[in-house]
Each structure stands twice: as C-alpha cells, then as structure tokens.
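Asker: Quick one: the structure is below, and I'll ask about it shortly.
The values are calculated or read from the model by the stated rules, or taken from the named source; none is laboratory data. Just so we're clear, the structure is a prediction, and the values are computed from it rather than from any experiment. Cβ placement follows ideal geometry from the backbone for every residue including glycine, while neighbour counts extend to all protein chains displayed.
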Amino acid sequence: MSTSVRYTNNRPAVSTAEAMTLPAGYYTDPEMFQRELRAVHHDMWLSAGRTEQLPEAGSYFLVRFAGVNIIVVRDKNGEIAAFHNTCRHRGTQLCKEQSGKVAGKFRCPYHAWTYELDGRLTGAPNMEKVEGFRMEDYPLGAVATAIWDGHIFINMAERPIPFSEHLAGLDKKFAPWGMADLKMVERRVYNLKANWKLILQNYSECMHCPIAHPQLNKLSHYMSGDNEPPQPTYLGGSMDLRPGVKTMTTDGQSNHANLPGISEEDSRRVYYYAILPNFLLNLDPDYMMTFQLWPMAVDRTDVVCEWHYHPDAIARPDFDPSGAVDFWEMTNQQDWELSDRAQEGISTFGYQPGPYSNREELLTGLDRWLLDRLARHG
Amino acid sequence: MSTSVRYTNNRPAVSTAEAMTLPAGYYTDPEMFQRELRAVHHDMWLSAGRTEQLPEAGSYFLVRFAGVNIIVVRDKNGEIAAFHNTCRHRGTQLCKEQSGKVAGKFRCPYHAWTYELDGRLTGAPNMEKVEGFRMEDYPLGAVATAIWDGHIFINMAERPIPFSEHLAGLDKKFAPWGMADLKMVERRVYNLKANWKLILQNYSECMHCPIAHPQLNKLSHYMSGDNEPPQPTYLGGSMDLRPGVKTMTTDGQSNHANLPGISEEDSRRVYYYAILPNFLLNLDPDYMMTFQLWPMAVDRTDVVCEWHYHPDAIARPDFDPSGAVDFWEMTNQQDWELSDRAQEGISTFGYQPGPYSNREELLTGLDRWLLDRLARHG
Amino acid sequence: MSTSVRYTNNRPAVSTAEAMTLPAGYYTDPEMFQRELRAVHHDMWLSAGRTEQLPEAGSYFLVRFAGVNIIVVRDKNGEIAAFHNTCRHRGTQLCKEQSGKVAGKFRCPYHAWTYELDGRLTGAPNMEKVEGFRMEDYPLGAVATAIWDGHIFINMAERPIPFSEHLAGLDKKFAPWGMADLKMVERRVYNLKANWKLILQNYSECMHCPIAHPQLNKLSHYMSGDNEPPQPTYLGGSMDLRPGVKTMTTDGQSNHANLPGISEEDSRRVYYYAILPNFLLNLDPDYMMTFQLWPMAVDRTDVVCEWHYHPDAIARPDFDPSGAVDFWEMTNQQDWELSDRAQEGISTFGYQPGPYSNREELLTGLDRWLLDRLARHG
C-alpha cells in the first residue's frame, strides 16, 4: 500500500492590479443576460444590415436574436422602416422568411390583418362590430431606424438617443471611405459558443495577435497604430500596415485600387471600430468588412461577417476578393476558437477575475460601460 | 457622408377593445406552465384514448406528457383502470413500452414488487422484516377513469369532479353518432412548437378559415353554423356543409354511408367540440375525428390525431378513408403552422396583447376559464 | 350512449416504514443539484484516474463534469498535481484535449501567459507596466491531489480533510490486492439519464440481482457476503463466489492467476466498495474494476468504467480479459437501464417516497450522509 498527498494552499485571490475582469455571472447567468439585453440591446442603436439589401418598396429582411424579431423594410416612399414582427391582433409572426419582398402590404397569414409598409393597420376583418375599436390604435410596433452611408441601424427604445450622438462624429471621420457606394460580395455566418462581450473583447485588443494570428501580425504589427480613448458608444483604433503590405489579404497584396476618397496616410492603415453593442467595422484601404454580433443566449452569439468592395473594383473582369475573404476566414476561426475557450474557462468553478494589462484599456472601458448601463437601467 | 433617421412614436398600447389577448407570460413562462398544469391538467378529466386500444385483461397503454406518466390498463374484470407509472418502492417506471400487454400483473423490473391489475401490491420481496410494513398501504397511485362511448378519460385529482358534470350533457347530445361502435383507421402524431392554449384557440374560431384554409372554406362556409356559449368544461359549435358537399374530404364527397343514428339535419353539419383541456372532437356525417393535446413544455405540444369509422364502412371492400385523411392532414399542417407562428410572435419583445373580435367569443371564454382556474388553484 | 366511471380513493401516502426514500426534488431540481455539488463534489476527495495515465513530466488529462474543468498533470519532480483549467488572466481554458502532453509548461493560447507544471506563473507578456502586478500572485488555481496505490484523487476544497481520513483504513484493508501494480486493459464510457445518487444506490444493494442480473446471481448469491455498516466516506461489502466459480466472468472461469497478494479467503470473494461520492471499486480475485461517476446535470451522469489486470497476466500470450469485460458490459447495461427508469419514474407527478427494506441499509446510510452534508454546507 502506498499513498502520497499533495495539499494546496488555496489562498483567496488577490487583486493587486487596478482593473480586474468581471465575475463569472456576467458571462454565465441567464438572468444577467436578460438584464443586459434590456440595458443595452433594447436601448441602443443596433446595426441591422445594408440599404442595398432592400432594393425596392416591399423588400424586407428580418433581425432575429434572443427574444427579438424585427422586420426591416423599404416603404413606398423609399424610406427604410422597421417594425416588430408580430401582429397586433393575436401576436402571429407576420414574415417568416429571413428576407423577401411583400406585395405592397404586410398581411397576417392568420386573420388577414393588413398593414401598410409604414406600419399603419388598414385592414382588420371582422373587427367592425367591436365597440371602440379603431384601426389607428393598432399600428405595427415601430422601431426607429437610421441610415449612415449605407449602414442601417435600428433602435427599439421608446425614446432613442439621437443617432448623431450615437455616431459621435464617426460619420465625419469615415466619410472619405465612401461606404455608401460599396457593395457586399461575401457573407459568412458563424455560431459561437461564447457570450457577446467576449467577442467584443477579442476585437478590442491585439495583444493576442502575435500568439493567435501570426499571419495577421506579419501584415500589421500588433504594437503599431493607436487606440482612441474608450467612448460611450464606440471603441476603436487603427493599426499600421508593414512596409510593402498593401492591404489585409493572405499575401498582403491586392489588385484592387484603393477606395477613391481616402488619404495617402489612410492607405497605410487599417481601422478597427467596435460601434457598441453589435457592430464591428474594419476599414482597409481597398475594402470594408462588417461584423454584426447577435446575442442568442448567455453563452451563444451569432456573428454575421461581410466583405464590401467598390463597384468599380467589382466590375473589373479580374475582380477576386478571395485574398481578403480567405485571410479573414482564417483569422475569424482563430478568434472564434479563443472566444469559445474563454467562455468555457469562465464557466468553470475554478474561474476568478484576473488582472487586465495596460494594453487592454479598451476592455476596461467596455466593462465600465456595461456596469454603468446596468446601473442606470436598474 | 450621409445619414438619415426615422424616429418613431412608440406610444404605449391602448386597449380600446373590451377583450384583449393574454400577456406573453401565459405562453412563454415555464413557471406559468407549471401553474397551469396544476390548475388544469392535474385537476380535470383528460382524454386518454379509446377502449378498443385495450382488447383484453392486461392490455395497457401509457399517457405521457410534461411530468406525467400514467398506465391505462384493462383489469381482470374488464374494467379500465389507470395508475401512475412509478413503483411505490423506489419510484422505478414500471412499464416502458408505449403500449403492450402484461401477464396478469405489473412487476417492477428492479426489485420485483408486484401489483395486481387493480393496483393492489401483492408482492414485495425482502420487506417482511420491515416493522409496520403492510402491503395494503402501498398500492399503485390510482388515477380515476371514465368511459364515454368508447372514449377513455382519466383524472389525477384527489377528488375529481363527477364525470357527468364534465360531460355536461354532451353524452346525450352526441349519442346519435354511436361513437362507441367506431374503430380507428388512422393515427398521426404531430410535434408542435406552440403552447397548448394556442392550439385550442386555433380550433375555436373559423375566422381564419377563408384565409388559411381555402379548401375547407369551399366545403363549409366559415360564417355558417353557430357556437354554443362557452361552457365550464367545453367550447363548441357546428358548421354547415355547403350544398352538394357530403362530408369533409378532399373533394367533399364520400362513398361511405352516414353514421346510422344521425338525423337528416346532422347529415348537413359538422360538429367541432373542444372538451377542455385536451380533447378535440370532430363529428362528420360519416366519420369521427379526435385530437388529443399533450403539453410537453410551455412552448411544445404533441397532438395525436385519429380518424374513426363505422365497422360496416370499414368492412366494405372499397373502404378508403384517404379523402378525409388527406384533407385533414393538409388542414392540420395549415393550422400547426399558424399555431407555431403565433408562439413565435408572442415570444418576442415586440408582442403586446391585442383586441379580440366579437367572432372570437370562444377565445375570450377560454381566457376567462383559464384565469378563473388559476385563481382558484392559488 | 354509455358512460362508466371508476373513481379512486387517492389517500395520502402513509409512511409505516421507518426509512423512506427521498422526495423527488433531490433527483429532479437543478438547484438542489447545485447545492449537492457544493456540499459534496466541491468538498470531498474525488477519484480522478490512475497514475499510469501520466507516464512522464507534462503528461496530463482533464477532469470535466458539471461546471468543473481540472487539469491533472505530472510535474517535473514526478509528482502529480492538479489545477483549474482556466487562465488567471482572462479565464481562457488552457488545455482543450481530453489528455495529452505539454512541453514543460502550460501556455495560454490567448495571450501566452505561461505556467510551470507546478502552477507558478512565470510568463505574463505586457503586464510589466501594471502597477503592483506580481506574477507570484497569480498561480493556477490549485486542486489538492492524493495517490493511493495508483489511484489519483483530487479535492477542490480550500481545506480538504486529510486524505487518510477519507480512506479510513481502506488503504490497509485493500493493500493485499497490490492495486498500484495493475494496468488498465479496457475502458468504457456510459452516458446515463439518471441522477448520480441513483447509480450509487443501484451499486449499494444486491436485492435486485436475482431479478435484474440472473447471470450474476449464478456466480455469486445475492444473499451471500456481508456489508460493513455505512461509513462517512464509503459504503461497501463483499459477496461470496459460488462453489466452482473462480471469478466474475461470463462463465465464472478464468485463465488468469489470482492477484499475488490475496489470501485464500479473499480468493472466494468479491469486494464492492463505493468510495463517496464518485468512485466504485470492485476487487475480484484476479482483476480490479473501477467506476467513476461524473454528475453532468441533475438527471445526467457519465460513468467511466475500467478493467485492470496484473502485468504478469497481461504479458501472457493467451491473455484475454473478454470474459470479465463482456460479463460486466452486460451487467452494466442491466443496471444503467434500471437507473434510467428510476430517474424516469421519480420525475413524474405520481412519485411519492417509498419504504426501504432492511436489506437496503446502505441506501438509508447514503440518504442520511447526503442530508447531513447538505445541512452542514448550508
């Protein structure tokens, strides 16, 4: 018989660093997730898609995430509107397909309540004898919309903050890229097993780049560039392309012209902006990439990733975006794996908050922003 | 750069109509679902099946839904009894197969506790030395049963209301159809992603028929017929067959004789009765259809649908029920889609209660019935 | 029309027996499950594996169950250590594969925080400017380990009870079997739909053997042998082999020599010990079997089952463990079916606590042990 024992000194964690990561519940507790949705996603401007997805009156697509189902539609005046996808009669989901085109009106498949593209109820069969019933009292639940250079934003709040306050000058800053003109050439959807904040954190520091993204680090040094101080509605910064690198692609080269409006200086940089809470915007010299983060559950997030190019580039017979698509597909997979592993580790009994480095200042900003929002929304 | 914004006036919902649909929680909250089970399904008579499913002593089938597992069995006296499917020793599930035949007794596979078909414990190995233990104290947990013209009902309550009170005269009303004689020729099981009440609502109004069921509406006009006022244990009414239509089939025709006992008047009608909470009964001139609704979760319901014919019709060499089976398969699918879409829409952040029309009087009755039951059962 | 009703006398359950099984919540309530994990699995010594699984420095395997993820590793001194599998920086899971070998250190894949095999943090890139940060404050979360004759145990408590107190003399008792020398020849993993306690209960009485295990009962009479009184850390007893039976195999025979150290008396017996809460140890004359029970959810448990033999037996050209493997595979399946059916029956509305027989004294001991632990851990 032989036994040997190794006891351990499980001292309580010390917090010698100033800024520590959040306790596990912020990443694992379904009730906290609901609180966050109310304080963040039900209150802020969310990226919903691009205006090119809605070519004509009646064109629509759906925005679906945890407990939310919204129709984004182009109305008869060419404006873009958004409505909760639930009939005001008995709640039936009006549109079922992810995108499509309705013939002038939304018609509920159940009892044919009919709504104009601007949300007004104009048909309610068999309601004529209901005392006091007036169609004008039952429009579709409206969701605010805003357009910024082709990007559609929606806001479910009763009184949304002004959209200009949300953009906080980014519209001016990024005007030279001419984003309104760009067209999507590729879309990939990813299903992550990670809390939405972990994906934002992953995006908001490049300390992990030399370890997890050796290919990216060859194109753009992780210590290059600079971050803006954290803002109430966005976190962002830029990184410099290394000498000889033209853009972010598998080999760092490109046969596309740079976007027409950008400066010489910006042709040597890539901008990475997280517009809170669900929009990531990469601006490269010759293309734009967008990410939408859709929280599905406390430990599940869907990410929609798109590549957008200038129509002149797309029109060339030798147009080929695969250098950028393949590069980011590889980089995305590296990042999703890390986010999933962060979720896994944080979800275990052994997790305890850890110290942020001073190179993670955007992450401490993100945590403060979240705690502040949760506090203000009770 | 270009931005455009469309703010919305998200006024709180008005309730100009008298009767409004229930708040979302009644369809989405797992705790409400448990409250409903206690107040409704654990207290009321439930349709369990047909006597023909139990041809001889020892024949049994199981009734399984959210947290419930009951054996319905024919005992040695030919009576139909029902018991909770859990051994009184350590709780083991006694019968595993959905239906079958036991050889005279139920014998627990774990420690061979043995119960007669009337539930009495008559074998309990190794219990002889347990002080005070008496087999008569540990019969199977009994569930009340009742038979109505071949329909088996069960009731889990400690003191069930009299079954005659539950039927409230329907036995007399539907006696002419001779349901006891009918035989099942087809069974289909459907798994809906909808709360059980949405399926009852769908069944209890035909306002949706011209929109969702054009084929049905051709056979039977949705405004025809009449509803009874809502009753404490059932909701129902009839619809008239259009001229030239013989019964509810794909083409409205049939080569079966009408059921022998029905009146000339009833040969021109179809009766649709929801016997609360889980039994839907369609009586056509030449056949009977039954639906059982089994709540599985707040947003999941299994529906068992059966077609029953008179033995004389079945005996004919040219017997073919496919006209009725195909017609209702199509109609069922149309209805299940609507119920699932109602669940989907009600489950979203944008749902708010809406106004009932005066043609939905059975639905307001259903809501009142539910609220009353919940109030009485604390 | 015909109706017949059978009312029932649903008397409240009587408790004539002294010892009754636990209420359903102990087997079905997710919150109770969390309480149990805290009171039992986070506090007690758990079987984790065998030292032979860690042949050299850097060899590791993971222990994963509900909310727990632990690395068990051999360090550079040849000692076995264990750590929570979560980086002290941002919580990332360090090791992903179920087992493997790390090259001298654990390196987080996210930001390259690097830990020695003894858990010390020795690399934390980009932390140098963080005021007050000291690497010695952020070792991996340590988990106590102990070795007993080749069995590795771990303990997550802050102040584990002494391992010798846990073994409570079993090390001395089972020394003759020379378990440290044995080698694993077969491993099977089973996913049960049952609460972990039901598997312990199933193991802790053989009253069910003549009913569920006729083959086993032929080798070893269920009334033979004797149990020790229940102990705070284990439950166990032995059963006698029937005349002519050499060991527990399909035919009761074996061409292996008995384990070298055991007595003549012990060559006629099999020992069955449940070392609480997760380790089952079968000692046969010529082999050892081990079971680890890993609670995954209130109604899910994974069981890892292994067969271990003496190296001399394994070295023989005609070595063949299939007699024991096949016998226990059959017996396991019989038992898992019963445990799953117990879970199923206990989870239904009809379950009520039932009386234990006096041959289930280890089960009443188990219940008392659990209630006592829950009481002490608030």
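Asker: I'm trying to understand the selection: among the residues of the range B:48-60, which are surrounded by fewer than 22 Cβ atoms within 10 Å (Cβ to Cβ) and part of a strand (DSSP E or B)?
Answerer: Hits for the range B:48-60 are B:Arg50, B:Ser59.
Asker: Look through the range B:349-378, keep the residues that are touching a Gly at 6+ places or on another chain (Cβ under 6 Å) and without any contact (Cβ under 8 Å) to a residue 12 or more places away in the chain, and return whichever of them is nearest to A:Phe83 (Cα to Cα).
Answerer: Checking each candidate, the answer is B:Gly350.
Asker: Kindly indicate which of C:Ser238, C:Ser254 is touching a helix residue (DSSP H, G or I) at 6+ places or on another chain (Cβ under 9 Å), of a type in the set (Ser, Thr, Tyr) and either in a strand (DSSP E or B) or within 25 Å of C:Pro30 (Cα to Cα) (or both).
Answerer: Of C:Ser238, C:Ser254, the one residue that is touching a helix residue (DSSP H, G or I) at 6+ places or on another chain (Cβ under 9 Å), of a type in the set (Ser, Thr, Tyr) and either in a strand (DSSP E or B) or within 25 Å of C:Pro30 (Cα to Cα) (or both) is C:Ser238.
Asker: Additional query: Given A:Glu131, A:Glu116, A:Glu136, A:Glu186, which one is surrounded by fewer than 15 Cβ atoms within 10 Å (Cβ to Cβ), over 14 Å from B:Val5 (Cα atoms) and in contact with a strand residue (DSSP E or B) (Cβ under 9 Å, 6 or more places away or on another chain)?
Answerer: Being surrounded by fewer than 15 Cβ atoms within 10 Å (Cβ to Cβ), over 14 Å from B:Val5 (Cα atoms) and in contact with a strand residue (DSSP E or B) (Cβ under 9 Å, 6 or more places away or on another chain) holds for just one of A:Glu131, A:Glu116, A:Glu136, A:Glu186, which is A:Glu136.
Asker: Pairs please, first residue from the range A:86-109 and under 26 Å from B:Asn195 (Cα atoms), second anywhere and part of a loop (DSSP other than H, G, I, E, B) and among the aromatic types (Phe, Trp, Tyr), Cβ atoms under 6 Å, 6+ apart in sequence or on different chains.
Answerer: A:Thr86/B:Tyr351; A:Cys87/A:Trp113; A:Arg88/A:Tyr138; A:His89/A:Trp113; A:Gly91/B:Tyr351; A:Thr92/A:Tyr110
Asker: Then there is this: Quick one: which of A:Thr92, A:Thr114, A:Thr122 is among the hydroxyl-bearing types (Ser, Thr, Tyr), in contact with a Gly (Cβ under 7 Å, 6 or more places away or on another chain) and more than 17 Å from B:Gly350 (Cβ to Cβ)?
Answerer: On the way: A:Thr92 fails: more than 17 Å from B:Gly350 (Cβ to Cβ); A:Thr122 fails: in contact with a Gly (Cβ under 7 Å, 6 or more places away or on another chain).
Checking each option against the conditions leaves just A:Thr114.
Asker: Can we say B:Ile161 is of a type in the set (Val, Ile, Thr), crowded, with 21+ Cβ neighbours inside 10 Å and under 26 Å from C:Phe349 (Cα atoms)?
Answerer: The answer is no for B:Ile161.
Asker: For the range A:61-82, what are the residues that are buried (at least 20 other Cβ atoms within 10 Å of the Cβ) and either at the interface with chain B (Cβ under 8 Å from one of its Cβ atoms) or of a type outside the set (A, V, I, L, M, F, W, C) (or both)?
Answerer: A:Val68, A:Asn69, A:Ile70, A:Arg74, A:Ile80, A:Ala81 - these are the residues of the range A:61-82 that are buried (at least 20 other Cβ atoms within 10 Å of the Cβ) and either at the interface with chain B (Cβ under 8 Å from one of its Cβ atoms) or of a type outside the set (A, V, I, L, M, F, W, C) (or both).
Asker: Regarding C:Glu228, is this residue acidic (Asp, Glu) and surrounded by 16 or more Cβ atoms within 10 Å (Cβ to Cβ)?
Answerer: Considered against the rule, which asks whether it is acidic (Asp, Glu) and surrounded by 16 or more Cβ atoms within 10 Å (Cβ to Cβ), C:Glu228 comes out as no.
Asker: Could you please find all residues in the range B:290-344 being of a type in the set (Phe, Trp, Tyr), more than 14 Å from every other protein chain (Cβ to nearest Cβ) and not in a strand (DSSP E or B)?
Answerer: Our first condition is that a residue be of a type in the set (Phe, Trp, Tyr); within the range B:290-344, this holds for B:291, B:294, B:307, B:309, B:319, B:327-328, B:336.
With the extra rule that they be more than 14 Å from every other protein chain (Cβ to nearest Cβ), the set shrinks to B:291, B:307, B:309, B:319, B:327-328.
Residues satisfying the conditions are B:Phe319, B:Phe327, B:Trp328.
Asker: Let me ask another. Which of (1) of a type in the set (Phe, Trp, Tyr); (2) within 24 Å of the chain's Cα centre (by Cα); (3) within 28 Å of B:Glu128 (Cβ to Cβ) does C:Trp336 not meet, given it meets every other one?
Answerer: (3)
Asker: Can you name the number of the only condition in (1) surrounded by fewer than 20 Cβ atoms within 10 Å (Cβ to Cβ); (2) of a type in the set (Val, Ile, Thr); (3) over 19 Å from C:Pro214 (Cα atoms) that B:Thr86 fails?
Answerer: Condition (1) is where B:Thr86 drops out.
Asker: Let me ask another. Select from the range C:117-142 the residues that are touching a residue at least 40 places away in the same chain (Cβ under 8 Å) and not hydrophobic (A, V, I, L, M, F, W, C) and write down the one among them that is farthest from A:Gln201 (Cα to Cα).
Answerer: Selected residue: C:Asp118.
Asker: So, one more: Quick one: would you say B:Arg359 is surrounded by fewer than 23 Cβ atoms within 10 Å (Cβ to Cβ) and modelled with pLDDT of 95 or more? Steps first, answer last, please.
Answerer: On the way: surrounded by fewer than 23 Cβ atoms within 10 Å (Cβ to Cβ): yes; modelled with pLDDT of 95 or more: no.
Answer is no for this residue.
Asker: Turning to a different aspect of this structure: Can you name the condition, by its number, that B:Ile275 falls short on among (1) within 16 Å of the chain's Cα centre (by Cα); (2) surrounded by fewer than 23 Cβ atoms within 10 Å (Cβ to Cβ); (3) not aromatic (Phe, Trp, Tyr)?
Answerer: Only one criterion is unmet by B:Ile275, namely (2).
Asker: Further, regarding this structure: Among the numbered conditions (1) under 22 Å from the mean Cα position of the chain (by Cα); (2) closer than 13 Å to A:Leu283 by Cβ, tell me where A:Ser267 comes up short.
Answerer: It is condition (1) that A:Ser267 fails.
Asker: On the given criteria, is C:Leu374 farther than 23 Å from C:Thr249 by Cα and either modelled with pLDDT of 95 or more or part of a loop (DSSP other than H, G, I, E, B) (or both)?
Answerer: Judged against the criteria, C:Leu374 is a match.
Asker: Quick check: anything in the range A:352-370 part of a helix (DSSP H, G or I) and within 30 Å of A:Gly261 (Cα to Cα)?
Answerer: yes
Asker: A further question on this structure: Looking at B:His213, B:His256 in this structure, which one is out of contact with any Phe, Trp or Tyr (no Cβ under 8 Å at 6 or more places or on another chain) and not charged (D, E, K, R)?
Answerer: Being out of contact with any Phe, Trp or Tyr (no Cβ under 8 Å at 6 or more places or on another chain) and not charged (D, E, K, R) holds for just one of B:His213, B:His256, which is B:His213.
Asker: Right, B:Thr21: farther than 30 Å from B:Ala144 by Cα and at pLDDT below 95 or not?
Answerer: The answer is no for B:Thr21.
Asker: Output the number of residues of the range C:215-225 satisfying the condition of being within 12 Å of chain B (Cβ to nearest Cβ) and surrounded by fewer than 18 Cβ atoms within 10 Å (Cβ to Cβ).
Answerer: Kept after step one, since they are within 12 Å of chain B (Cβ to nearest Cβ), are these residues of the range C:215-225: C:222-223.
Remaining after also requiring surrounded by fewer than 18 Cβ atoms within 10 Å (Cβ to Cβ): C:223.
Residues flagged as within 12 Å of chain B (Cβ to nearest Cβ) and surrounded by fewer than 18 Cβ atoms within 10 Å (Cβ to Cβ) within the range C:215-225 amount to 1.
A quick yes/no check of all residues on (1) buried (at least 22 other Cβ atoms within 10 Å of the Cβ); (2) touching a Lys or Arg at 6+ places or on another chain (Cβ under 9 Å); (3) over 18 Å from C:Val189 (Cβ atoms):
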position: C:Val298; (1), (2), (3): yes, no, yes
position: C:Val303; (1), (2), (3): yes, yes, no
position: C:Glu306; (1), (2), (3): no, yes, no
position: C:Arg316; (1), (2), (3): no, no, yes
position: C:Asp320; (1), (2), (3): no, no, yes
position: C:Ala324; (1), (2), (3): yes, no, no
position: C:Gln334; (1), (2), (3): no, no, no
position: C:Leu338; (1), (2), (3): yes, no, yes
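Asker: Would you check if B:Gly78 is under 19 Å from the mean Cα position of the chain (by Cα) and at pLDDT 95 or above?
Answerer: Working: under 19 Å from the mean Cα position of the chain (by Cα): no; at pLDDT 95 or above: yes.
It is false that B:Gly78 is under 19 Å from the mean Cα position of the chain (by Cα) and at pLDDT 95 or above.
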